[in-house]
Each structure stands twice: as structure tokens, then as C-alpha cells.
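Here the structure is laid out as C-alpha cells; the discussion comes afterwards.
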Amino acid sequence: MQVDTAIIGAGAAGMMCAAHAAGRILIVDHAKAPGEKIRISGGGRCNFTNLHCAPHAFLSGNPHFAKSALARYSQWDFIELVERHRIAWHEKTLGQLFCDGSAKEIIAMLRTLMQQNGVELHLQTTAHGFAKSPDGFRFTLTKDGATQEVLARTLVMATGGKSIPKMGATGLAYEVATQFGLTVTETRPALVPFTFPQKRFAGLAGVATPARVTTGAQSFEEALLFTHRGLSGPAVLQASSYWREGDEIAIDLSPTADLLRLLKTRRATAGKRNLTTELAAHLPARLVEHLAADLELSGNLADQPDRRLGEICAHLANWRLKPSGTEGYRTAEVTLGGIETDALSAKTMETKTIPGLFFIGEAVDVTGWLGGYNFQWAWSSAMAAARSL
Ligand code: FDA
């Protein structure tokens, strides 16, 4: 088979690219259905972009790399596309846009666009044996034991990262990059829960509270969730992308309230009230119970001098914990790191050394925050490539 462009990976980036590229397009995926991560994303409603999408919300070896693609195909462009396909959406929080109905509507939209563009979609098919030839790229497709040779003028690798191997994630893009002499930066699970020794927070599993979680110079103020094995919730997932083994994290459990002032006021008006009972009015009761032992919380509010209340509030504003690790690729929403951006044109995603070879989406060393940023990178990087094909 001879095509203009072969795209490997029918996920968010691959489908978006196939839907908009010119010429005869082949898209290949080893999964049963395209866009499986879209289907399960955002609790089945797909957080497809973010109103506040901007380069500062992306981690990369080169923080400037994503700027061009994000500017040339922005969140506003994707919102316009979604509206043109009459997909109803709403903003949940912090600029995060979700489908009103189902994530399947985004997949259906991309499938329709691919169909209209005459794209040939090959599912449950593997691609291997990639080689450069004078007229493009040659490789073999295998389906149900039958093989077929392909010659493609250009090759777009869109196989994503390593997150959730159970859903078919592989390191194929990294392997192909390495084969063609490109550098792949260290990859790590990101947007992933933290684990702690001896299931330290198991007794608090299910408790959620607003918090500011800080790692290094980066802070995120959102919900924190205690789990059987450690900590999760948006604030923790965000922090995990900046965390390294051995680092401490700092948690502010009263990010919006001036707890010290509140406690002093209550001491003046309700001094006989038990300290832990009062704290449980501001924090989840089970968490206060858990902290009571560590902080030796006892007595009534009236028993607590200013210095003691100050100590307690300082601790609650800067609870320092050292995670033992993360849940890893098993549950990570994304993979940090990937194809080194120096190897790629920021305008087209084409490799600088192998003309005709492109990398798009999560496989590239560009990782977004939680909240629709990763899909926007998939759409933007896909369009950067599609417009040059
Ligand atoms: P993606 O992973 O989407 O696609 C890669 C495709 O390549 C897959 O179809 C896979 O089967 C195929 N493939 C892999 N190896 C292959 C091989 N060897 N041969 C053939 N095919 C191969 N982001 C966001 O912005 N908002 C959200 O709401 C969420 N929610 C979310 C929930 C969960 C549970 C996860 C795991 C992730 C998210 N994300 C997210 C992240 C988002 O899903 C992710 O960043 C994009 O799907 C990346 O798009 P890509 O197309 O690059 O990879």
C-alpha cells in the first residue's frame, strides 16, 4: 500500500491530525477502538480543553517549545470545532471545559471528520519494521497474522506516552525516535497519586478537603483526597508532576481562611469549647482526629495560649510530608518527558534531521497541567503537523 501520510496511533492527536491532513491518509492503532483515553477521560465527559490554556501550564525541557502550536491552534479554535459539531459543553471549574453529554461525542466528531477526509482507519493492527527509504518510510502492518507492506511519504508517530499500559499504552514512539537517532528525555509518571509507607493514611481513605499543595516552587490550590495508599485529588496530582523522589511536599490545610484569627475569636466567645471540636468545624473531623495525636491536641480553647494556637495553625498551614513514591504508570494520567523538543520544529512537529518524520501529542516532551491542557496539546500539536502535510 502506498499513502501520502501514515499516522501511528489513533488517539486524540492521531485522529485530529488525520482529520485535517491533506492527501491519502492511513491511521493505524492496535486497539479495538480509536480514542480510548478520550472515552474514559473526565469521568466519561472529557475535559477537552481549558479556557486559560497558555504555555505556563506546560512542563517541558524547553518551556518555549509549545508556544507556537498552542497559539496557532488554540482552545478557542477547538471550542469553535466542538460547537460546529453541536456538542454541548460547560465550564466545571478553573476554566475546565467538559461535554454536557459524553466523551463519546468528541470521538464521534473526530471519526466523522476523518471519514469526510477519506482517512483509512486500521484497528487491531500493529505497525513494525520502520525503515527510511529514498521515497519515504517503509513498514509492515500485521492484522490477524496477515501482513501488508506500506510505503508512506511522511510518517507521524502519535502513540502517546506510557500511562496506563492496560489500555494499550506502549513506548513505540520513543523506540522509533531512538531508532532514528533522536533523544528521548527521561520519562516519568505524572498527574499521579502519591504513596506513603505503611499505608499511613488508610484510616482517612475517602476524606477530601481543600488544600494548597506545594512542591519546590510550585503550588496548587484545589481538593486533596486521602486514599487507602496515600494522597490524591487535583492538588496532589498537579504537584506530582513537579515532585522528585526524596522531595518533601508541604500542605496548607486552610488555604483560604485565617485559622489563627478564627480560633482566637472563638476562644474569646466560646472558650469552653473543645479544641478538636472547634477544629472539626473548619477541617474534616476524621482528619482532625488523625492530627490530634501528632499535634497533641487536647483541652478547651480557653486552655490554649496565643503561642500554642500559633504553633497549631503554623503546623496546619505547613504540614510537611515525604511521599515514598507514586502509583506509577498504572494510574498516571500522563507521561512526563518524551521526544526531546530540540529535535523537532516547533511550527510543524517535523524532526529536523529526518525529513518527513513527525511526532505529536503526549509522546513529545510537553506535559500539561490537569484540567484539559493535555488534550489541548494533542489538538494543537496535531494541527501543527496536519497543516504542513
Ligand atoms: P493517546 O494515548 O490518546 O493515543 C495513543 C494511541 O496510540 C492509542 O490509541 C493507543 O492504542 C495507540 N498505540 C499505542 N502504542 C501503539 C502501538 N505500539 N501500535 C499501535 N498503536 C499504538 N487530558 C485532558 O486534557 N483532559 C482529561 O479529562 C483527561 N483525562 C484523562 C483521564 C485518564 C484516565 C487518562 C489516562 C488520561 C487523561 N488525560 C486527560 C490525558 C490525555 O488522555 C492524554 O494526554 C491524551 O490522550 C494524549 O493524546 P495522544 O493522542 O498523544 O495519546
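So here's what we get for this one:
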quantity: Peptides ranked, highest mean first, by Cβ atoms within 10 Å: ranges 222-231, 88-97; calculated: 222-231, 88-97
quantity: Ranked by how many other beta carbons lie within 10 Å on average, peptides 149-162, 265-278, 319-332 from highest; calculated: 149-162, 319-332, 265-278
quantity: Long-range HN-HN contacts of residue 325 with modeled amide H, under 5 Å; calculated: 195
quantity: Amide H within-cut-off set for residue 364, under 5 Å, with H built and near neighbours excluded; calculated: 339
quantity: Rounded to 10°, Cα long-axis angle of helix 285-295 versus longest principal axis of the chain; calculated: 70 degrees
quantity: The chain: angle of helix 75-84 to the longest principal axis, Cα-based, in degrees nearest 10; calculated: 70 degrees
quantity: Extended-chain gain in nm, criterion 0.36 nm per residue less alpha-carbon gap, residue 293 and residue 133; calculated: 50.8 nm
quantity: Per-pair calculated FRET efficiency, R0 = 30 Å: residue 92 and residue 317 via Cβ, rounded to 0.05; calculated: 0.60
quantity: Long-range amide H partners of residue 96 with built H, under 5 Å; calculated: 51
quantity: Relative contact order (percent, whole number), the chain, Cα cutoff 8 Å, 6+ residue spacing; calculated: 25 percent
quantity: Selection from 130, 49, 98, by position along the positive dipole direction of the chain (Cβ); calculated: 98
quantity: Rounded Å value of the spacing that divides the Cα centres of region 75-101 and region 131-196; calculated: 30 Å
quantity: FRET efficiency, residue 39 to residue 67 (Cβ-Cβ, R0 30 Å, nearest 0.05); calculated: 0.50
quantity: 0 to 90° range, to nearest 10: angle between helix 373-386 axis and the chain longest Cα axis; calculated: 20 degrees
quantity: Derived scalar couplings ³J(HN,Hα) [region 28-43; Karplus, 6.51 cos²θ - 1.76 cosθ + 1.60; whole Hz; x for Gly, Pro]; calculated: 10, 9, 7, 7, 6, 9, x, x, 5, 6, 4, 4, 8, 6, x, x
quantity: Per-residue HN-Hα couplings for region 141-149 [Karplus 6.51, -1.76, 1.60; θ = phi - 60°; Hz; x = Gly/Pro]; calculated: 9, 10, 9, 6, x, 8, 10, 8, 8
quantity: ³J(HN,Hα), Karplus 6.51/-1.76/1.60, whole Hz, each residue of region 105-115, x for Gly, Pro; calculated: 5, 5, 5, 4, 4, 5, 5, 4, 4, 5, 4
quantity: Nearest-0.05 FRET efficiency for residue 218 and residue 100, computed from C-beta distance (R0 35 Å); calculated: 0.65
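Throughout, read-outs are computed from the coordinates displayed, never taken from laboratory work. None of the values given here were measured: they were computed from a predicted structure. Note: ideal-geometry Cβ built from the backbone for every residue, glycine included; neighbour counts use all protein chains shown.
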